[in-house]
Amino acid sequence: MNSYPEQRKVTANVLTPLGWLHATMHLPPMQTLFDFLNSGQPIVKCTRVRLPNQPLLQSFVALRRDAITLVAPTIDELVETVGSVGHTRTRQVRCYLDDGILDGEFEVLINLRISDFLRQQTGLVVLRQAQLTPYDPGADPTQSRKMPVVIVNLANVVGIAEIMSS
């Protein structure tokens, strides 16, 4: 008789050098997706994986954590621990990626510059109200992707700028 620990299934769209894939990750019931991805393990185990341009669903794929650029969960539930950062304010940012420009917002401690905030991060940040747009301004608008929440692997970001309000 097999006795597996209780797990919570989280489906997500994941941006890798191959393109976007869809996968299911298995987490402990109360662990956030952010903590799961930020655990330092070099491999993220995924099931029911739909790879780009591949007709067959893969039952299991071990993704290299450093190959993941973005993780956009299909449901905004237990993505990050709410209020764990302290007193914050929302900042608008633009992330420059190989795949395009990702605009969104994240929470930064009050009286902390974005550069200082990013220096303290362990590799991942959570952006909300995000939109990924191709660099080519003449690109098909359907290539733009809106995501209510996305986890960004800072190791795969070329640069980040604050979007100043006019």
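Does the stretch 18-38 contain at least one residue that is over 22 Å from ARG128 (Cβ atoms), of a type in the set (Val, Ile, Thr) and in contact (Cβ under 8 Å) with a residue 24 or more places away in the chain? Within the stretch 18-38, one or more residues are over 22 Å from ARG128 (Cβ atoms), of a type in the set (Val, Ile, Thr) and in contact (Cβ under 8 Å) with a residue 24 or more places away in the chain.
Residues that are open to solvent by less than 20 Å² (accessible area, probe 1.4 Å) and either touching a helix residue (DSSP H, G or I) at 6+ places or on another chain (Cβ under 6 Å) or farther than 22 Å from ASN38 by Cα (or both) within the stretch 87-122 comprise GLY100, VAL108, listed in sequence order.
Residue by residue, here is whether (1) among the polar types (S, T, N, Q); (2) more than 18 Å from the chain's Cα centre (by Cα) holds:
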position: THR88; (1), (2): yes, yes
position: VAL108; (1), (2): no, no
position: GLN120; (1), (2): yes, no
position: PRO148; (1), (2): no, no
position: ILE163; (1), (2): no, yes
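For the stretch 86-120, what are the residues that are assigned to a strand (DSSP E or B) and among the small types (Gly, Ala, Ser)? Listed by number, the residues that qualify are GLY100, GLY104.
The values are calculated or read from the model by the stated rules, or taken from the named source; none is laboratory data. Keep in mind that this is a model prediction, so the values were computed, not measured. Cβ: placed from backbone, ideal geometry, glycine included. Neighbour counts: every protein chain shown. Quick note on the areas: whole protein, heavy atoms, side chains included, nothing else; ligands and nucleic acids left out. Shrake-Rupley method; radii C 1.70, N 1.55, O 1.52, S 1.80 Å.
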